[in-house]
Amino acid sequence: MPIRHRSATSYHGFAQATLLAGPIYVISLGIVTWSTDMNAPVQLPDDWNWIAALLPLAMFCIAGGALFSILPNLIGLRAMMWLGSHNPGMQLPVSWGLAGALSMAVVIGLAEPDGIVSIPGIALAITGTVCALLCRRGVSWEECPPALGR
């Protein structure tokens, strides 16, 4: 008889993943864009007025990212908790990271049916991976005693 596990979460990892989804996407979009042409120098303006624009941009990223990520994060969290309670291999962080990347790959495949993955698609896959790993932080499993009579 296979050993069953009971899962529990405090949802703090889910809250972190939901609030950080927008900033993670913007940062990964910048990294992926820069990595396509690494010969181009990154030049910042001489004046420091652009820093004042970062706070409203960060707040917009947090609000927009939370709006778009709350449902996928919640569905993914509950699904991976259920899978982890039935298969101990699905409790590993690598399983969660792959699940986040593959779930975003489905979205990318639906959004880009011609098969050419764009820079925003790669940034979305990175965001899915990091959000899945953040959701995993708040989850723990414990072994259930075998049920009598089963």
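The values are calculated or read from the model by the stated rules, or taken from the named source; none is laboratory data. For clarity, every value in this text was computed on a predicted model and none was experimentally measured. Note that we place each Cβ from the backbone using ideal geometry, even for glycine, and neighbour counts take in every protein chain shown. Calculation scope for accessible area: heavy atoms of the full protein, side chains included, ligands and nucleic acids excluded. Shrake-Rupley method; radii C 1.70, N 1.55, O 1.52, S 1.80 Å.
Scanning segment 1-44 for residues that are more than 23 Å from Gly76 (Cβ to Cβ), open to solvent by 70 Å² or more (accessible area, probe 1.4 Å) and in a loop (DSSP other than H, G, I, E, B) gives Met1, Pro2, Ile3, Asp37, Met38, Asn39, Pro41, Val42, Gln43, Leu44. Among the residues of segment 83-119, just one is touching a strand residue (DSSP E or B) at 6+ places or on another chain (Cβ under 9 Å) and either hydrophobic (A, V, I, L, M, F, W, C) or more than 28 Å from Ala8 (Cα to Cα) (or both), namely Trp96. Scanning segment 51-94 for residues being in contact (Cβ under 8 Å) with a residue 40 or more places away in the chain, open to solvent by less than 50 Å² (accessible area, probe 1.4 Å) and under 19 Å from the mean Cα position of the chain (by Cα) gives a total of 11.
Residues that are more than 18 Å from Tyr25 (Cα to Cα), crowded, with 18+ Cβ neighbours inside 10 Å and among the β-branched types (Val, Ile, Thr): does segment 121-134 have at least one? Please lay out each step first, then the result.
Of all residues in segment 121-134, those more than 18 Å from Tyr25 (Cα to Cα) come to none.
No, every residue in segment 121-134 fails to be more than 18 Å from Tyr25 (Cα to Cα), crowded, with 18+ Cβ neighbours inside 10 Å and among the β-branched types (Val, Ile, Thr).
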